[in-house]
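Reviewing the structure listed below.
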Amino acid sequence: MAFETFHSRRPPAQLVPGTEDLLARLIRSGCSHSVLSLSAHNGLTRHIADMGIASLFLRVEGRTGPSARSKRQPLAKHVAMLQRTIGNRPIVLIGDAVDDVRAALANQVHPVPYAGGLTHPDILRRSGVPVADSLAQAAAFAVAHAHSLN
């Protein structure tokens, strides 16, 4: 309950300038996107819709039950659902927390830590995975990884 109260008092996250255009360009190049968050599902989907970007994602999933300590299990379910749609295409997780990196690695998903979010970049760099300093760089890392598998 305290977590929900805290989040209800926080201002909603804003879209980083250029994100909508970046997502649209990536879609035109053959990439697809989804969102997985430990935030409450209804609030997350409403926020993404309010930003006008819901149509850019194959899936938008937030937490529907009690708060989870890790993204590992929710990511396993998310990946399974994505694979029904995209088949064996590579999946890359762009995230702003060390837990995102750990969850990705545990689920055989390539992680791309993003330094513009919740976790200090120095902490992300300790994960041993190259850290993107911008969303454009994160997208470039993700696309390079996907192309390296083909």
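The values are calculated or read from the model by the stated rules, or taken from the named source; none is laboratory data. Just so we're clear, the structure is a prediction, and the values are computed from it rather than from any experiment. No Cβ is skipped: glycine too gets one built from the backbone with ideal geometry, and neighbour counts run over all protein chains shown. SASA here: full protein model, heavy atoms, side chains in, ligands and nucleic acids out. Shrake-Rupley method; radii C 1.70, N 1.55, O 1.52, S 1.80 Å.
Given the condition in a loop (DSSP other than H, G, I, E, B) and not hydroxyl-bearing (Ser, Thr, Tyr), answer yes or no: does some residue in region 139-148 qualify?
We begin by selecting, within region 139-148, every residue in a loop (DSSP other than H, G, I, E, B); these are none.
Among the residues of region 139-148, not one is in a loop (DSSP other than H, G, I, E, B) and not hydroxyl-bearing (Ser, Thr, Tyr), which makes the answer no.
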* Structure fact -> Exactly one of ARG63, ARG28 is modelled with pLDDT under 95 and within 14 Å of the chain's Cα centre (by Cα), and that one is ARG63
* **Neighbours by Cβ (under 8 Å, 6+ apart or cross-chain): first from region 130-144, free of Cβ contacts under 8 Å to residues at least 60 places away in the same chain; second open to solvent by 50 Å² or more (accessible area, probe 1.4 Å) and in a helix (DSSP H, G or I)** => PRO130/PHE141; VAL131/ARG125; ALA132/ALA140; ALA132/PHE141
* Name the single residue, out of those in region 95-123 being of a type in the set (A, V, I, L, M) and in contact with an Asp or Glu (Cβ under 8 Å, 6 or more places away or on another chain), that is modelled with the highest pLDDT. => ALA115
* Pairs only if they're at least six apart or on different chains, beta carbon under 8 angstrom, first in region 53-79 and closer than 29 Å to ARG25 by Cβ and free of Cβ contacts under 8 Å to residues at least 24 places away in the same chain, second outside any loop (DSSP other than H, G, I, E, B) and small (Gly, Ala, Ser); list them, first residue then second. => none
